[in-house]
1. Residues of the stretch 13-37 being within 16 Å of the chain's Cα centre (by Cα), surrounded by 13 or more Cβ atoms within 10 Å (Cβ to Cβ) and either at pLDDT 95 or above or assigned to a strand (DSSP E or B) (or both), which ones?
2. Find the residue count for the stretch 53-68, including only residues that are without any contact (Cβ under 8 Å) to a residue 40 or more places away in the chain and assigned to a loop (DSSP other than H, G, I, E, B).
3. From the list SER85, SER50, exactly one residue is in a loop (DSSP other than H, G, I, E, B) and modelled with pLDDT of 95 or more. Which is it?
4. Can you go through ALA49, ALA40, ALA33 and tell me which one is over 19 Å from ALA99 (Cβ atoms) and of a type in the set (A, V, I, L, M, F, W, C)?
Amino acid sequence: QVQLVESGGGLVQAGDSLRLSCAASGRTFSRYAMGWFRQAPGKEREFVASISWSGSRTYYADSVKGRFTISRDSAKNTVYLQMNSLKPEDTAVYYCAAAAVVYAAVSNGEYDYWGQGTQVTVSS
């Protein structure tokens with residue numbers, strides 16, 4: 001079992017930055033690929049970014065490529081999502097997830113554990 005707790009969300013203006021954190025506990029953190037997903041009101045949950053278990057591979061949705069950066073710190077059992085140049089369309093609940101695979105997984109179905117989510121609101 002892996003427990004995930006997100007933090008760092010909030011209300012910001014367009015163009016601002018935020019860093020989300022996801023603290024993991026339970027089974028060996030380094031054995032899991034990690035991902036960030038988001039869900040806006042009335043929309044389905046969508047993939048944002050993922051990182052392989054080793055941290056050597058990352059993958060991003062086209063909508064955030066060049067603006068968001070995913071990273072992980074195995075010593076702290078934490079994965080981060082640095083979000084720069086935020087846009088109103090980035091407004092959503094952001095979820096952290098863990099997948100028992102080595103590669104940077106991109107689909108919901110590959111992830112085994114999910115956090116409760118943190119709200120990010122970007123005003124124009």
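1. Across the stretch 13-37, the qualifying residues are LEU18, ARG19, LEU20, SER21, CYS22, ALA23, ALA24, ALA33, MET34, GLY35, TRP36, PHE37.
2. The total comes to 9.
3. Working: SER50 fails: in a loop (DSSP other than H, G, I, E, B).
Among SER85, SER50, only SER85 is in a loop (DSSP other than H, G, I, E, B) and modelled with pLDDT of 95 or more.
4. On the way: ALA49 fails: over 19 Å from ALA99 (Cβ atoms); ALA33 fails: over 19 Å from ALA99 (Cβ atoms).
Just a single option satisfies the conditions, and that option is ALA40.
The values are calculated or read from the model by the stated rules, or taken from the named source; none is laboratory data. The structure presented is a predicted model; accordingly, all values stated were derived computationally and were not measured. Don't worry about glycine lacking a Cβ; one is built from the backbone with ideal geometry, like all the others, and counts go over all protein chains shown.
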